[in-house]
Amino acid sequence: KGKKNVRFINESFMDVNFKNAKFDLILLANASRYIPRTQENIFFSHIRNWLKKDGVFIIHSDFFGGLLGKLLAPLMIYFSNPSNLNPNTTFEWELEKELQKYFMLKNKLSVGREIFGRGQHTAFICVK
């Protein structure tokens with residue numbers, strides 16, 4: 001309230017239009033599973049185009065990493081609504097491969113509550 005340079009937009013990331021090189025930082029937390037299957041190229045190309053030359057994209061994976069995540073992933077896929085879960089972007093090990101197609105990974109951080117000595121999720125710090 002009272003901020004002139006803040007605007008809230010309620011629209012799908014797939015449909016919204018921004019000028020190229022508009023943002024210093026784009027953050028996507030706990031929503032990577034909703035990137036539509038087979039549209040990863042469109043989604044990540046949008047992000048890449050919207051970032052300024054030295055801009056940063058931070059994306060937070062939606063699911064456990066490491067051995068625990070790999071053991072539980074088949075169950076999550078089986079019990080999930082397929083339209084709400086993209087295996088290419090939900091799981092840390094697949095998301096990392098997808099990101100490497102579009103960005104340079106500057107850092108990878110384990111974040112969240114510790115389970116069996118490992119953070120629940122991974123945050124990827126990406127640049128053009």
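Within the range 90-99, if we keep just the residues that are assigned to a helix (DSSP H, G or I) and in contact (Cβ under 8 Å) with a residue 12 or more places away in the chain, the residue that is farthest from LYS70 (Cα to Cα) turns out to be LEU99.
If a residue must be open to solvent by less than 70 Å² (accessible area, probe 1.4 Å), at pLDDT 85 or above and not aliphatic (A, V, I, L, M), how many such residues does the range 106-123 contain? Residues meeting the conditions: 1. Filtered by the rule that a residue be in contact with a strand residue (DSSP E or B) (Cβ under 9 Å, 6 or more places away or on another chain) and of a type in the set (A, V, I, L, M, F, W, C), the range 1-34 gives PHE13, ALA21, PHE23, LEU25, ILE26, LEU27, LEU28, ALA29, ALA31. When the range 1-50 is limited to residues that are under 19 Å from ASN81 (Cβ atoms) and among the aliphatic types (A, V, I, L, M), the one that is least open to solvent (accessible area, probe 1.4 Å) turns out to be ILE35.
Residue-level check: of (1) of a type in the set (A, V, I, L, M, F, W, C); (2) part of a loop (DSSP other than H, G, I, E, B); (3) in contact with a Leu (Cβ under 7 Å, 6 or more places away or on another chain), ILE9 misses just (3). In the condition set (1) part of a helix (DSSP H, G or I); (2) touching a residue at least 40 places away in the same chain (Cβ under 8 Å); (3) aromatic (Phe, Trp, Tyr), TYR102 is compliant with all but (1).
The values are calculated or read from the model by the stated rules, or taken from the named source; none is laboratory data. Computed from a prediction, not measured in an experiment: that's the story for all the values here. So basically every Cβ, Gly included, is an ideal-geometry build from the backbone, and we count neighbours across all protein chains shown. Each accessible area value is taken on the protein alone, full model and side chains, heavy atoms only, with ligands, DNA and RNA left out. Shrake-Rupley method; radii C 1.70, N 1.55, O 1.52, S 1.80 Å.
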